[in-house]
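The values are calculated or read from the model by the stated rules, or taken from the named source; none is laboratory data. What you see is a predicted model; the values in this text were computed from it and never measured. All Cβ positions, even for glycine, are placed from backbone atoms using ideal geometry, and neighbour counts span all protein chains on display.
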2 protein chains.
Amino acid sequence: MARIVMKFGGTSVADLDRIRNVAQRVKREVEAGNEVAVVVSAMAGATNQLVKWCSDLSPLHDAREYDVVVATGEQVTIGLLAIALQTIGVDARSWQGWQIPIVTDAAHGKARVESIDGTLLIERMREGQVPVIAGFQGLEPGRNRITTLGRGGSDLSAVAVAAAVKADRCDIYTDVDGVYTTDPRIVPRAKKLERISYEEMLELASVGAKVLQTRSVELAMKQRVRVQVLSSFEDKPGSLVVDEDEIVEQPIVSGIAYSRDEAKVTLRRVPDRPGIAAHVFGPMAAANLNVDMIVQNIGADGTTDMTFTVGRADLPRAKDLLEKQRADIGYEALVTDAEVAKISVVGIGMRTHAGVASTMFKALADKGINIQVISTSEIKVSVLIPVDYTELAVRALHTAYGLDGPEAPTRNEG
Amino acid sequence: MARIVMKFGGTSVADLDRIRNVAQRVKREVEAGNEVAVVVSAMAGATNQLVKWCSDLSPLHDAREYDVVVATGEQVTIGLLAIALQTIGVDARSWQGWQIPIVTDAAHGKARVESIDGTLLIERMREGQVPVIAGFQGLEPGRNRITTLGRGGSDLSAVAVAAAVKADRCDIYTDVDGVYTTDPRIVPRAKKLERISYEEMLELASVGAKVLQTRSVELAMKQRVRVQVLSSFEDKPGSLVVDEDEIVEQPIVSGIAYSRDEAKVTLRRVPDRPGIAAHVFGPMAAANLNVDMIVQNIGADGTTDMTFTVGRADLPRAKDLLEKQRADIGYEALVTDAEVAKISVVGIGMRTHAGVASTMFKALADKGINIQVISTSEIKVSVLIPVDYTELAVRALHTAYGLDGPEAPTRNEG
């Protein structure tokens, strides 16, 4: 017997048939002798409609009222799923964020979970009842008002609930059937990973493998919640995201990620004096512009070239800001390039193995791909390359690190 | 300065434009120096969709989960209206039933309001904020679960809130602009009543004038809440439902109501012995069959003919039940007729005036309309006639009691 939190996203509960299907899945876990709690999102499309109404009334709407409106999406789903479960003989009851309560801070629209009292939920699960919990929402207790956690927050709810009820596992049902060594649309021979560490998942999530929301992986890591990613539509095991101690055979490289969402900015011939980096990046941080990769080469003439990446959507704002700061910073030229892709090689085995980066550089060189920027972390090597070479680079690296599976796996393209 | 509760139904908040329109109306009351609270229904159509989902999943769904689902309709509206009000510079905040709380009993799907704590609402109104309150919903405090008051319950919410905040008036905005002496679709010269007593409104509501829900009129009468019925779409005074002491010039007859929702049942040659009525009506009450008009004529031979009306939709069940009880009751024949209409003349002035009934009988006789059953109460005379004569009878009585206005009033046909 295990205690399991099952989480189903919007496409898994998009209509009554799918809700009935989810109920059957839950029933199977219950009949296997497990204690089960379920966390659900709004029916696909529902949240978008609710958000649109708020925006149409006022682009600058009160976030507290926005939360009142959008939280209804999940409320509808929990009631319907509870009915669907009862109809097939499973004892179930719905729980809204304020009823548990899932206590959050007061940052309406993007609240952070502060605490969840699992007592009542555990009590009900022990009695054989399935709590059906609204994802995405919480309660700001000071003013007794509904909060929401921001888009994709249902994954976060599920992990937080799993921690609160001390679940053995948090199963995230989604439209892919697990975490792959890379995007199978680019590399058909990508393999599903049976196990992956939190740290790797975090790097993969933040560099473009959109299986799990970054904040929910962070929380799982912090609270040591074992997370399984699996398919809503097929009945087979998924990928388990766990502590690295649980991974017996640690591969050097677990996966190849890519992102086309960044743009490169270069400041040419910046005077090479102490504090110049703070001078460049301070105003950008103040303007809420996230900077990712940063490299700086010292030239011979007392100047330096400084290159970094920003979110592609932020490029116009970044350019504008830097042009205004030109005299202040004292650079000679501002060069930007949105036609870049970031390719990352991720693996906890890197910590103890040398040569991972050089394998990467060689594989790319062999295909004639020029590397523009390099940055490394403990478990990741990232390079910036021309965007047109994205697929070629991903495939070359997948092969170079021996990740190719024997053949194209059968999978569900969500 | 007055304290006013404004209530807007589903058609008044059917889309964003109408919600903006409601916001303007509220703003005008605020700018006139009043303290205002608003009670709203779900956007027209929303509740039907939510109810259908529950019914499709299971005709016998859990009423507690049904309430979770359908209560979202009002929750959406309060958030949107609060945003719309803020956008035009009116300080507003939404309130769900559980936040106030509006405490109800545990009869999910048709709960009764037990108490409303008006303290917080009054506090906010004094500070100049407009509470935007979800109609139709409440909280069952024992289990901390959402309840709903049953269809049309938003009127009830509005009256209950008005009582709780000691409002000077509860304005019910609807798709008609007031209470008329009769249905203006039948009598174009029907007049809008400036004032009508609770008792009269109650008789008119229960006999087919569907302007206000019966339970909300009962509550208004009990709590002495002055209710105004007025149009959402036009800007003019409506009809005031008040204590009869507030009506200076009491007309003998205030209005003519009709209902085509009843059917007549006659038991011929029932043995005339003590307790026979209980014998007939006991089992019907037990089967939840509402009986309305009852007349009994004693015959010469120790038998009696017993006639009564039931809801037309209940007629098959009533027939079935009575046929099974035939030996027990000992009647000779069961005759039913669904082709009947009930016409009622209502007025508090009747108490002190004779001749109201005979005016009615004469007016109908003059048109050759046969009266099948008569029943009277302190402020009402009702007759059952063949359904084809409904319009003719209503028009004849409207004229006979001098209710015709000078010409067809301009009005909004909802």
Residue that is surrounded by the fewest Cβ atoms within 10 Å (Cβ to Cβ), among those in the range A:32-46 that are within 18 Å of residue A:19 (Cα to Cα) and not aliphatic (A, V, I, L, M) = A:45
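For the range A:77-109, how many residues are charged (D, E, K, R) and either facing chain B (nearest Cβ under 10 Å) or outside any loop (DSSP other than H, G, I, E, B) (or both)?
From the range A:77-109, those charged (D, E, K, R) are A:91, A:93, A:105; that's our starting set.
In the following step, the residues that additionally are either facing chain B (nearest Cβ under 10 Å) or outside any loop (DSSP other than H, G, I, E, B) (or both) were identified as A:93.
Final tally of qualifying residues: 1.
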key: Among residues of the range B:123-155, those that are at pLDDT 95 or above, crowded, with 24+ Cβ neighbours inside 10 Å and either assigned to a helix (DSSP H, G or I) or not hydrophobic (A, V, I, L, M, F, W, C) (or both), counted   = 6
request  = Collect the residues in the range B:355-390 that are free of Cβ contacts under 8 Å to residues at least 24 places away in the same chain and surrounded by 19 or more Cβ atoms within 10 Å (Cβ to Cβ), keeping them in residue-number order.
outcome  = none
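Considering every residue within the range B:3-18, establish whether at least one is assigned to a loop (DSSP other than H, G, I, E, B), within 10 Å of chain A (Cβ to nearest Cβ) and within 19 Å of residue B:161 (Cα to Cα).
Residues of the range B:3-18 assigned to a loop (DSSP other than H, G, I, E, B): B:9, B:14-15.
Next, from what is left, pick out any that are within 10 Å of chain A (Cβ to nearest Cβ): B:15.
Still in the running and within 19 Å of residue B:161 (Cα to Cα): none.
No: the range B:3-18 contains no residue that is assigned to a loop (DSSP other than H, G, I, E, B), within 10 Å of chain A (Cβ to nearest Cβ) and within 19 Å of residue B:161 (Cα to Cα).
I'd like to know if the range A:147-154 contains one or more residues that are assigned by TED's automatic domain parsing to the domain that holds residue A:51 and hydrophobic (A, V, I, L, M, F, W, C). Before you say what the answer is, go through the steps one by one.
Just the residues of the range A:147-154 that are assigned by TED's automatic domain parsing to the domain that holds residue A:51, to begin with: A:147-154.
Next, only the ones that are hydrophobic (A, V, I, L, M, F, W, C) stay: A:149.
Yes, there is a match, as at least one residue in the range A:147-154 is assigned by TED's automatic domain parsing to the domain that holds residue A:51 and hydrophobic (A, V, I, L, M, F, W, C).
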request  = Could you list all residues from the range B:62-76 that are within 9 Å of another protein chain (Cβ to nearest Cβ) and assigned to a helix (DSSP H, G or I)?
outcome  = B:64, B:65, B:66, B:67, B:68, B:69, B:70, B:72, B:73, B:75, B:76
message = Please count how many residues of the range A:306-364 are within 21 Å of residue A:202 (Cβ to Cβ) and either hydroxyl-bearing (Ser, Thr, Tyr) or not in a strand (DSSP E or B) (or both).
response = 12
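Looking at A:211, A:225, A:248, A:176 in this structure, which one is in a loop (DSSP other than H, G, I, E, B) and free of Cβ contacts under 8 Å to residues at least 24 places away in the same chain?
Details: A:211 fails: free of Cβ contacts under 8 Å to residues at least 24 places away in the same chain; A:225 fails: free of Cβ contacts under 8 Å to residues at least 24 places away in the same chain; A:176 fails: free of Cβ contacts under 8 Å to residues at least 24 places away in the same chain.
Only one candidate passes the filter, namely A:248.
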ask   = Exactly one of (1) more than 26 Å from residue B:388 (Cβ to Cβ); (2) touching a strand residue (DSSP E or B) at 6+ places or on another chain (Cβ under 9 Å); (3) modelled with pLDDT of 90 or more; (4) surrounded by 15 or more Cβ atoms within 10 Å (Cβ to Cβ) is unmet by residue B:325. Its number?
value = (2)
task = Name the residue, out of B:37, B:44, that is more than 7 Å from chain A (Cβ to nearest Cβ), assigned to a strand (DSSP E or B) and either on the phi < 0 side of the Ramachandran plot or at pLDDT below 95 (or both).
result = B:37
ask   = Among the residues of the range B:187-197, is there at least one that is of a type in the set (Lys, Arg) and in the same structural domain as residue B:51 (by TED's automatic domain parsing)?
value = no
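Would you point out the residue of the range B:47-61, among those that are within 10 Å of chain A (Cβ to nearest Cβ) and either modelled with pLDDT of 95 or more or outside any loop (DSSP other than H, G, I, E, B) (or both), that is surrounded by the fewest Cβ atoms within 10 Å (Cβ to Cβ)? Can you show your working first?
The first filter runs over the range B:47-61 and keeps only residues within 10 Å of chain A (Cβ to nearest Cβ), leaving B:49-50, B:52-61.
Checking which are either modelled with pLDDT of 95 or more or outside any loop (DSSP other than H, G, I, E, B) (or both) leaves us with B:49-50, B:52-57.
On the way: B:49: 13, B:50: 22, B:52: 11, B:53: 21, B:54: 24, B:55: 13, B:56: 13, B:57: 24.
My answer is B:52.
So which of A:295, A:291, A:253, A:227 ends up being touching a strand residue (DSSP E or B) at 6+ places or on another chain (Cβ under 8 Å) and modelled with pLDDT of 95 or more?
Numbers: A:295 fails: modelled with pLDDT of 95 or more; A:291 fails: modelled with pLDDT of 95 or more; A:253 fails: modelled with pLDDT of 95 or more.
So the residue among A:295, A:291, A:253, A:227 that is touching a strand residue (DSSP E or B) at 6+ places or on another chain (Cβ under 8 Å) and modelled with pLDDT of 95 or more is A:227.
If you scan the range B:227-248, which residues turn out to be surrounded by fewer than 19 Cβ atoms within 10 Å (Cβ to Cβ) and of a type outside the set (Val, Ile, Thr)? Outline the logic, then answer.
Let us first name the residues in the range B:227-248 that are surrounded by fewer than 19 Cβ atoms within 10 Å (Cβ to Cβ), namely B:233-237, B:243-246, B:248.
Once the filter is applied, which keeps residues that are surrounded by fewer than 19 Cβ atoms within 10 Å (Cβ to Cβ) and of a type outside the set (Val, Ile, Thr), the range B:227-248 yields B:233, B:234, B:235, B:236, B:237, B:243, B:244, B:245, B:246.
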message = Can you find a residue that is buried (at least 17 other Cβ atoms within 10 Å of the Cβ) and acidic (Asp, Glu) anywhere in the range B:1-16?
response = no
query = Exactly one of (1) more than 23 Å from residue B:45 (Cβ to Cβ); (2) more than 8 Å from chain A (Cβ to nearest Cβ) is unmet by residue B:133. Its number?
reply = (1)
ask   = Counting just the residues of the range A:63-103 that are surrounded by fewer than 24 Cβ atoms within 10 Å (Cβ to Cβ) and among the small types (Gly, Ala, Ser), which one comes out nearest to residue B:80 (Cα to Cα)?
value = A:63
